[in-house]
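The structure under discussion appears below in the form of structure tokens.
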Amino acid sequence: MTEIGCMNLIVTTAFDPSPQMEIAAQDAAQILEAPLIQRKRISLAKIRHDYALHNILVITRDGPLIHTPNGEFFFHVSMGELRIKNLADGKHDHMVAAMQLRSGMSVLDCTAGLATDALVASYVTGETGAVTGLESSPIIAFMIGWGLQNFCHPSEQITQAARRVRLKNADYAEFLATMPNRCFDIVYFDPMFRHPNYRSSQLNPMRDLADNRSIDPQVLREACRIARQRVVVKEGSGSKEFQRLGITDIIGGKYSRIAFGVIELGG
Ligand SMILES: C[S@@+](CC[C@H](N)C(=O)[O-])C[C@H]1O[C@@H](n2cnc3c(N)ncnc32)[C@H](O)[C@@H]1O
């Protein structure tokens with residue numbers, strides 16, 4: 001397990017926990033190597049004050065939820081659901097277009113985060129494709145791994161797309177170094193932006209828990225060794241990261257806040 005985001009966390013349950021919630025809290029505390037406390041009827045404010053910790057992972061009846069200083073962090077599919085609906089309606093998705101993603105393809109998502117992109121990729125690649133997501137923050141990997149395996153959407157297609165994502169708590173540099181040449185069609189990176197948009201970002205609650213490092217050029221070379229078709233990097237439009245990484249093929253909507261750098265590897 002990596003150290004990222006592991007400090008500053010305590011685990012408890014909601015009020016009046018069921019035996020299953022107690023067990024889930026014990027498991028979470030063990031996996032995340034975090035202290036576990038009996039909730040009794042203690043307020044979260046008092047826990048935060050008494051233990052001088054910022055993040056409180058609460059096992060609720062609906063699953064794990066983290067109270068962070070920047071808001072509540074839990075697994076949800078809201079943006080993924082919208083994007084999948086748009087795709088089903090024949091609309092454009094910038095990421096899918098940048099990847100030239102089709103049914104049956106394999107994708108390595110090196111920066112899984114909330115797994116929204118991984119979910120969309122899994123929907124498009126379908127049952128014959130494969131999506132592997134890497135997440136170096138143990139806390140984020142725990143939360144998102146739980147969500148991908150347990151949440152149920154009214155659309156069975158979305159639920160199944162989530163179940164198919166293989167999520168690993170791993171650092172992409174370490175993972176890539178172990179992989180053979182040309183073993184995924186697409187290798188994808190969506191690092192934490194150098195200049196985050198705090199106003200509208202769904203990522204705000206997970207910002208303190210995330211791995212904020214930028215992509216090392218050596219990692220990008222490894223990604224090019226492993227990808228069969230293309231390496232795709234998402235960044236804020238106008239980001240200097242593309243220049244730093246030597247990526248010149250950049251696509252994105254004229255009015256979009258995001259852009260995708262593409263390195264073609266020629267199938
Ligand atoms: C901007 S978020 C990705 C959002 C994601 N594309 C989505 O659709 O929800 C970036 C994520 O990459 C993770 N990350 C950053 N560096 C990493 C690394 N070296 N290995 C694995 N994950 C990493 C961060 O912890 C964070 O959760």
What distance in nm separates the simple spin-label points at R61 and Q160, each placed 7 Å from Cα in the Cβ direction?
3.1 nm
Could you work out the helix-only [θ] at 222 nm for the chain, with each DSSP H run of four or more residues adding -39,500 (n - 2.57) and the total divided by the number of residues, to the nearest 500 deg cm²/dmol?
-9500 deg cm²/dmol
The chain, dipole about Cα centre (Lys/Arg Cβ +1, Asp/Glu Cβ -1), debye to the nearest 20
460 debye
Where a Cα-Cα gap under 16 Å defines reach, which aspartates and glutamates qualify for K46, not counting those fewer than 8 residues away within the same chain?
none
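How high is the FRET efficiency between A14 and A52 when r is their beta carbon distance and R₀ equals 25 Å, given to the nearest 0.05?
On the way: r = 22 Å, r/R0 = 0.88.
That gives a FRET efficiency of 0.70.
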Give me the one-decimal Kirkwood hydrodynamic radius in Å for the chain, with the sum taken over alpha-carbon pairs.
19.3 Å
For the chain, with +1 on Lys and Arg beta carbons and -1 on Asp and Glu, the positive-most of G63, V262, I140 along the dipole:
V262
Kindly work out what percent of the DSSP beta bridges joining two residues of the chain are antiparallel, to the nearest 5.
45 percent
Förster radius 25 Å - calculated FRET efficiency between I258 and N212, Cβ distance, rounded to 0.05
0.90
For a 31 Å ceiling on Cα separation, which of these pairs sit above it: K85/K168; K168/K234; K40/K168; K168/K240?
K40/K168
Ordering of 163-172, 62-71 by burial proxy (mean other Cβ atoms within 10 Å per residue, highest first):
163-172, 62-71
Taking 7 Å along the Cα-to-C-beta vector as the label spot, tell me the N204-L44 distance in nanometres, rounded to one decimal.
1.4 nm
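Each reported figure results from applying straightforward, stated rules to the coordinates on display, with no laboratory input. These figures come from a predicted structure and were not determined experimentally. Note that each Cβ is placed from the backbone with ideal geometry, even for glycine, and that neighbours are counted across all protein chains shown.
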